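S.K.: I have a structure here, written as structure tokens, and I will follow up with some questions on it.
The values are calculated or read from the model by the stated rules, or taken from the named source; none is laboratory data. What you are looking at is a predicted structure, and each value in this text was computed from that prediction instead of being measured. Please note: Cβ atoms are built from the backbone with ideal geometry, for glycine as well, and neighbour counts cover all protein chains shown.
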Amino acid sequence: MKYQILATTFVASALVGCGGGGDDTVSGETALSAASSETAAALPAPADGISASRFNHRSIANGSFETGDTTGWKANIDQGYSGIFIPHERPAGTVSVVDSFNFGGTKLAYDGRYFLKACTGNEWFDGQGTYNITASQTVLLHKGDTVTGASSYYNGDFAAQDTVWVKIFDKSGNLKATPWIDFSGNGAPGDNNSVPYNHTSDWTTWDWTAPKTGIYTVKLGATTFGDNRFATCGFHDAITVVLNGKGKPAAAAARWPNGIPAHVPVFVH
Ligand SMILES: [Ca+2]
């Protein structure tokens with residue numbers, strides 16, 4: 001009951017105070033003491049709609065998506081404008097939980113039955129805008145806690161216009177890390193895609209360790225720009241927190257040993 005009242009409070013405050021992009025941030029220094037249950041009443045209002053009680057637990061809710069839906073995660077999908085399709089204002093992509101993805105072959109979950117799929121669109125947008133499609137969850141991490149997961153992708157666009165990624169933001173919305181990222185493209189010089197067009201990569205594990213105690217947001221997303229034709233998808237599963245001192249998973253092979261490419265080259269459809 002206590003948390004039900006809290007939830008009502010922060011939903012109301014989110015409606016009043018949450019502008020565009022506000023899901024990146026959770027305000028309030030009191031969050032740093034949230035590991036203690038008696039401080040629950042002082043917890044900040046998470047903007048993603050999950051229970052405030054979760055901020056005591058240093059864990060990801062529904063990180064393997066075995067509820068079969070996006071419970072615990074907040075989807076945010078930018079809108080674009082198409083002069084061709086009706087309605088003209090259209091979501092730039094999709095966020096869904098699935099048990100398979102068919103591309104000629106069949107992609108199945110890394111863990112359990114279900115996984116998250118975040119895709120760009122198969123639209124025909126006007127202009128050269130950039131659009132994000134994300135599922136995010138805010139979590140308390142103590143220094144040394146590690147967020148782990150497994151991701152893969154479907155390279156659905158022969159043009160290098162799409163990226164799919166995992167990013168970690170601090171409570172002020174600053175990007176702290178990009179543990180996993182991949183790109184669309186057709187293998188032309190300058191493309192950074194890891195598998196051929198119309199193929200999927202293997203599941204790849206990733207991890208990121210919090211450098212200090214705080215509230216962080218884990219975002220699983222896709223970014224596209226331009227006409228947003230041909231959908232590329234990121235797949236995500238088994239998102240978990242390994243508490244400091246509890247052992248870490250074996251280090252994943254570095255996807256970009258020399259650093260993430262600074263930008264995606266532009267090949268227009
Ligand atoms: Ca799963």
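S.K.: So which of Thr205, Thr224 ends up being within 16 Å of the ligand (Cβ to nearest atom), surrounded by 16 or more Cβ atoms within 10 Å (Cβ to Cβ), modelled with pLDDT of 80 or more and among the polar types (S, T, N, Q)?
M.R.: Thr205
S.K.: Another one. Can you go through Asn198, Asn132, Asn186 and tell me which one is over 23 Å from Ala253 (Cβ atoms), in a strand (DSSP E or B) and not β-branched (Val, Ile, Thr)?
M.R.: Sole residue among the options that is over 23 Å from Ala253 (Cβ atoms), in a strand (DSSP E or B) and not β-branched (Val, Ile, Thr): Asn132.
S.K.: For the list (1) surrounded by fewer than 24 Cβ atoms within 10 Å (Cβ to Cβ); (2) at pLDDT 95 or above; (3) not in a strand (DSSP E or B), I need the number of the one condition that Gly127 fails.
M.R.: Single failed check for Gly127: (2).
S.K.: What do you reckon, is Ala109 under 12 Å from the mean Cα position of the chain (by Cα), crowded, with 20+ Cβ neighbours inside 10 Å, at pLDDT 95 or above and within 16 Å of the ligand (Cβ to nearest atom)?
M.R.: no
S.K.: Is it the case, given these coordinates, that Pro46 is at pLDDT below 95, in a loop (DSSP other than H, G, I, E, B) and more than 17 Å from Leu220 (Cα to Cα)?
M.R.: For Pro46, the condition - at pLDDT below 95, in a loop (DSSP other than H, G, I, E, B) and more than 17 Å from Leu220 (Cα to Cα) - is met.
S.K.: Restricting to segment 60-106, count the residues that are in a loop (DSSP other than H, G, I, E, B), within 16 Å of the chain's Cα centre (by Cα) and within 16 Å of the ligand (Cβ to nearest atom).
M.R.: Qualifying residue count for the region: 11.
S.K.: What number of residues in segment 135-167 are over 17 Å from Asp207 (Cβ atoms), part of a strand (DSSP E or B) and aliphatic (A, V, I, L, M)?
M.R.: The number of residues fulfilling the criteria is 3.
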